[in-house]
Amino acid sequence: EINVDEGPRYYFGDFVWAGNSKYDASTLTKILDIQKGDVYNTQRLDQRVFGDPTGTDVSALYMDDGYLFFNVQPIESKIYNDTIDLEMRVYEGPEATINNIYVEGNSKTNEHVIRRSLFTKPGNKFRRSDIIRSQQELIALNYFNPESIGIQPVPNPQDGTVDIKYT
């Protein structure tokens, strides 16, 4: 027999956004989709900030608008009773432009067939949704095993560009 004391249950309090200039706090809070009074859950917070499978997280909002260097750091700013307030410290960084596109490991078709299927083009603003669409197009070609397709953005923060490597 094992007795477990889980301790008190905590809840989300207020969210205060700092460092954001592209989007206002109300827009970011709406995208975050965590309400004051919801049970405190760091996994849900991380998912809504950095990687929701539906693509509706805060990170997706910024990365679909060119902000590859975007980052947000949730800081527990105040804990009172059973409530935790968070300060969301945002670093937007510069908008990234696609510099070079590399295609490596292709032995199935001509490279121009692959390149015309890509939504990422040199000189365009970086968009995460374009990378996802490019991956879907490469899969639709039926030349490649979907599990072996690799897409690697190689950022260069010094000049605000990114190279994208498709393997």
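Below is a table of values for the structure above.
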{"item": "Two-site FRET efficiency, THR54 against GLU1, from Cβ-Cβ distance with R₀ of 35 Å, rounded to 0.05", "result": "0.25"}
{"item": "Difference of contour (0.36 nm per residue) and Cα-Cα distance, SER26 to VAL113", "result": "27.0 nm"}
{"item": "Selection from GLN136, LEU32, GLY7, by position along the positive dipole direction of the chain (Cβ)", "result": "GLN136"}
{"item": "Furthest towards positive pole of dipole, VAL90, SER117, TYR23, structure part segment 17-167, Cβ charges", "result": "SER117"}
{"item": "Ordering of 54-63, 99-108, 158-167 by burial proxy (mean other Cβ atoms within 10 Å per residue, highest first)", "result": "54-63, 158-167, 99-108"}
{"item": "Using a Förster distance of 41 Å, the FRET efficiency for SER129-ILE75 (Cβ separation, nearest 0.05)", "result": "0.90"}
{"item": "Within straight-line cross-link reach of LYS30, lysines at Cα separation under 20 Å, skipping those fewer than 8 residues along the same chain", "result": "LYS22"}
{"item": "The chain: antiparallel DSSP beta bridges as a percent of all, rounded to 5", "result": "60"}
{"item": "Test item: Cα-centred dipole of the chain, Lys/Arg +1 and Asp/Glu -1 on Cβ, debye", "result": "820"}
{"item": "Test item: Cα-centred dipole of segment 98-167, Lys/Arg +1 and Asp/Glu -1 on Cβ, debye", "result": "220"}
{"item": "Note, ³J(HN,Hα) from phi for segment 32-40, Karplus 6.51, -1.76, 1.60, rounded to Hz, x at Gly and Pro", "result": "4, 6, 10, 9, 4, x, 5, 4, 5"}
{"item": "Dipole magnitude of segment 24-95 about its Cα centre (Cβ charges: Lys, Arg +1; Asp, Glu -1), debye to nearest 20", "result": "180"}
{"item": "Alpha carbon centroid spacing (whole Å) that separates segment 117-159 from segment 82-104", "result": "18"}
{"item": "Area accessible to solvent at LEU141, 1.4 Å probe radius, in Å²", "result": "50"}
{"item": "Placed amide H near ASP38: partners under 5 Å, 5+ positions off or other chain", "result": "PHE12"}
{"item": "³J(HN,Hα), Karplus 6.51/-1.76/1.60, whole Hz, each residue of segment 102-118, x for Gly, Pro", "result": "10, 10, 10, x, 7, 10, 9, 8, 5, 4, 5, 5, 5, 4, 6, 8, 8"}
{"item": "Label corresponding to Rg and Dmax of the Cα atoms in Å when calculated from the structure given, among (1) 20.2, 66; (2) 17.4, 58; (3) 26.6, 77", "result": "(1)"}
{"item": "Kirkwood-Stokes translational diffusion coefficient of segment 65-146, alpha-carbon pairs, 25 °C, 0.890 mPa s, µm²/s", "result": "155"}
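The values are calculated or read from the model by the stated rules, or taken from the named source; none is laboratory data. Please read these numbers as outputs of a predicted model, since none were measured by experiment. Ideal geometry is used to build each Cβ from the backbone, glycine not excepted, and the neighbour counts take in all protein chains shown. Only protein heavy atoms, including side chains, enter the accessible area calculation; ligands, DNA and RNA are left aside. Shrake-Rupley method; radii C 1.70, N 1.55, O 1.52, S 1.80 Å.
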